[in-house]
Amino acid sequence: MDDLEPITIQDGEREIENYIQTLFDFLDHQKQTPGKSKQHMQTYTCIVRLSDEQDESHKLYDIYTNMIEIYIKKRLKAALQTKSNSHEFLEEYVKQWKKFTIFVMAMKKMFDYLDRYFLKNAGSSSLTETALNLFRKMIFQDRKIQLRRCVLEEIKKDRENQIIDKDLLKAAILQYIYMGFGKKTVIKKIEGSTDPIHWTGEKNLMLYDNEFQTHLLENTTEYYRNQAKNW
């Protein structure tokens, strides 16, 4: 699209959909990094122009929210529904969370102009906070009991000296921390870390305490009570 041509919100939506396809190509096939593509620059420019020239920030934010919802529904929910085995479910959940993190980080960069000007001035949730809220509502709330059950099963295996994937277990438990984040939620890249893309935010451990720690303590007490009967 020529920068001098008139632009509409429909043009912007098409550019965004094209950009998202490059994201899918990267997530599914590790093709060219989206942030370095020509499509990235075209879409970013389109969003800036629509925000500045057409005052379409509200509609762009609605498009962003809708795209996140579609991603969660069609990719995350669909992937998790195929896994019934405890360990396979944990693996798929963590895998999809990592892909979602990359997707949200890329979308945040694309819509960064909204974050820095429109959303900040409007006092609304940031793009990253919006995405996390949608994940919490559409995935975590539906799967938190199953997730906890699978985590506790892995912990039991570890107690019984079975080999488990402790990195996977840690990543699953962190869900109960991340889902408690409120304001100031961001995604950071940490070079040299085993978890190079990391969520941070204002911690509220109430959800962790209520949805995980309390159950872990009950489970631990019950486990050692049963062990004591066999001594």
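Rule-based calculations on the coordinates, nothing more; no lab input. All figures in this text were calculated on a predicted structure; none of them were measured in a lab. Cβ sites come from the backbone with ideal geometry, for glycine too, and all protein chains shown count toward neighbours.
Straightening the chain between ASN210 and ALA78 buys 44.8 nm, computed as 0.36 nm per residue apart minus the Cα-Cα spacing.
When the helices of the chain are scored as -39500 (n - 2.57) per DSSP H run of n ≥ 4 and the total is divided over every residue, the value at 222 nm lands at -19000 deg cm²/dmol.
How about segment 134-227: which GluC sites (Glu not before Pro) there lie in a loop by DSSP and see at most 15 other Cβ atoms within 10 Å? Don't jump to the answer; show the numbers that get you there.
Numbers: sites: GLU153, GLU154, GLU160, GLU191, GLU202, GLU211, GLU218, GLU222; in loops: GLU160, GLU191, GLU202.
Passing both the DSSP loop test and the Cβ count: GLU160, GLU191, GLU202.
Rounded to the nearest 20 Debye, what is the dipole magnitude of segment 102-154 about its Cα centre when Lys and Arg each give +1 and Asp and Glu each give -1 at the C-beta? Present the calculation step by step, with values, prior to reporting the outcome.
Values: 10 positive and 6 negative charges, 17 e Å.
The calculated dipole for segment 102-154 is roughly 80 debye.
First measure r as the distance between the Cβ atoms of LYS229 and ARG149, then evaluate 1/(1 + (r/R0)^6) with R0 = 35 Å and state the FRET efficiency to the nearest 0.05. Please report the intermediate quantities before stating the final value.
On the way: r = 23 Å, r/R0 = 0.66.
Efficiency computed from Cβ-Cβ geometry: 0.90.
Judged by the ratio a/c of the largest to the smallest principal axis of the C-alpha gyration tensor, segment 56-229 counts as prolate, that ratio being 1.5 or greater while a/b is larger than b/c.
Loop-located trypsin sites (Lys or Arg not before Pro) in segment 190-231 (DSSP state not H, G, I, E or B) with no more than 14 neighbouring Cβ atoms inside 10 Å: LYS203. With springs connecting C-alpha atoms under 10 Å apart, model the chain as a Gaussian network and identify which of ILE145, ILE72, ILE190 has the largest mean-square fluctuation. Maximum among the listed residues: ILE190.
Given their separation in residues at 0.36 nm each and the Cα-Cα distance between them, SER124 and PHE24 gain 33.2 nm when the chain is fully extended.
Mind scanning LYS95/LYS170; LYS77/LYS137; LYS77/LYS144; LYS73/LYS98; LYS99/LYS166; LYS108/LYS203 and naming the pairs with a C-alpha gap bigger than 18 Å?
Values: LYS95/LYS170 13 Å; LYS77/LYS137 12 Å; LYS77/LYS144 13 Å; LYS73/LYS98 16 Å; LYS99/LYS166 20 Å; LYS108/LYS203 21 Å.
In this structure, LYS99/LYS166; LYS108/LYS203 lie more than 18 Å apart at Cα.
Within the same chain, lysines fewer than 8 places from LYS38 are excluded, and of the rest, those with a Cα less than 16 Å from its Cα are LYS109. Set Lys and Arg Cβ to +1 and Asp and Glu Cβ to -1, take the dipole of segment 56-229 about its Cα centre, and tell me which of ASN204, PHE89, SER57 lies farthest positive. Projecting each Cα onto the dipole axis, the largest value belongs to SER57.
Model label sites at MET41 and ASN161, defined 7 Å from Cα along the beta-carbon direction, differ in position by 6.1 nm. Between THR8 and GLN141, full extension at 0.36 nm per residue minus the direct alpha carbon distance yields a gain of 44.2 nm. Among complete DSSP H helices in the chain, those whose alpha-carbon atoms stretch at least 15 Å along the helix's long axis and whose mean Kyte-Doolittle hydropathy reaches -1.0 are 9-29, 38-52, 57-71, 86-110, 166-178.
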